[in-house]
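Engineer: Got a structure for you, questions after.
The values are calculated or read from the model by the stated rules, or taken from the named source; none is laboratory data. All figures in this text were calculated on a predicted structure; none of them were measured in a lab. All Cβ positions, glycine included, derive from the backbone under ideal geometry; neighbour counts span all protein chains shown.
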Amino acid sequence: MRKKEKISPRQEEILLFIQDYYRKNGYPPTVREIGEGVGLLSSCTVHYHLEKLEEKGMIRRNRFKARTIELCFPDREDGLVDVPFLNSLSRGPVSLPRNFLGEGDFFFWQVEKNNWQDWHILKGDWLLIRKEEEIREEGLALIIKSDGGKIKRIDGNLSLSADDGEIIGRIMGVWRKL
């Protein structure tokens, strides 16, 4: 991953908007929502800034899917990785050793309801998620729908219908404050 490069004030505003939107909603904004959020009337201008942010390694996108903007937090020189909290407004990233995490991009997701007790995951727990669009091994996946998140056990290839939601990633760990 690239080291953080200098970005313009407008690009920084767009990054902050994406991060805040992600924290509030659990999924990224559309190009139109970004434009409205930062006061840009033209979607072409938003696309331009997103391309520049992608070139600088600050975001990643899949142009063939809607809402696929991912924030990238580059590895630091000291071997640590900044892991962001995506749905918490008051927390900054936590630095964890890369050799502890393994390869991939990670984020924390705070459980907001007690609807995952069958998995022994409770309200207030923090899930460590490795971003993955396709999961081909056994494990637990976080899946996001417009009405919130859900957990699904994967026994092999996970295939979802459009009504099931979008795979966000594999659950790698659970942190609970006692």
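Engineer: Filter segment 58-67 down to residues that are of a type outside the set (A, V, I, L, M) and surrounded by fewer than 15 Cβ atoms within 10 Å (Cβ to Cβ) and give me whichever is modelled with the highest pLDDT.
Structural biologist: Here is the first cut: in segment 58-67, the ones of a type outside the set (A, V, I, L, M) are 60-65, 67.
If we keep only those that are surrounded by fewer than 15 Cβ atoms within 10 Å (Cβ to Cβ) too, we end up with 62-65.
Numbers: N62: 78, R63: 74, F64: 72, K65: 72.
Only one residue tops the list, namely N62.
Engineer: Among the residues of segment 32-40, is any exposed (fewer than 15 other Cβ atoms within 10 Å of the Cβ), at pLDDT 85 or above and not basic (K, R)? Before you say what the answer is, go through the steps one by one.
Structural biologist: First, pick out the residues of segment 32-40 that are exposed (fewer than 15 other Cβ atoms within 10 Å of the Cβ): 32, 36, 39.
With at pLDDT 85 or above added as a condition, the list becomes 32, 36, 39.
Restricting the remaining residues to those that are not basic (K, R) gives 36, 39.
Yes; the residues of segment 32-40 include at least one that is exposed (fewer than 15 other Cβ atoms within 10 Å of the Cβ), at pLDDT 85 or above and not basic (K, R).
Engineer: Ok, one more. May I ask you to list pairs of residues, at least six apart or on different chains, whose Cβ atoms are under 9 Å apart, with the first in segment 12-41 being within 12 Å of L71 (Cβ to Cβ) and the second being part of a loop (DSSP other than H, G, I, E, B) and aromatic (F, W, Y)?
Structural biologist: Between residues of segment 12-41 that are within 12 Å of L71 (Cβ to Cβ) and residues that are part of a loop (DSSP other than H, G, I, E, B) and aromatic (F, W, Y), the close pairs are Y21/Y27.
Engineer: Out of everything in segment 42-65 that is within 10 Å of I7 (Cβ to Cβ) and of a type in the set (A, V, I, L, M), what residue ends up being farthest from the chain's Cα centre (by Cα)?
Structural biologist: If we filter segment 42-65 for residues that are within 10 Å of I7 (Cβ to Cβ), which is where we start, we get 49, 52-53, 56, 58.
Remaining after also requiring of a type in the set (A, V, I, L, M): 53, 58.
Details: L53: 16, M58: 13 Å.
So the residue we want is L53.
Engineer: Going by the conditions given, is G124 modelled with pLDDT of 80 or more and closer than 21 Å to Q19 by Cα? Before you say what the answer is, go through the steps one by one.
Structural biologist: Values: modelled with pLDDT of 80 or more: yes; closer than 21 Å to Q19 by Cα: yes.
Spelling it out, G124 is indeed modelled with pLDDT of 80 or more and closer than 21 Å to Q19 by Cα.
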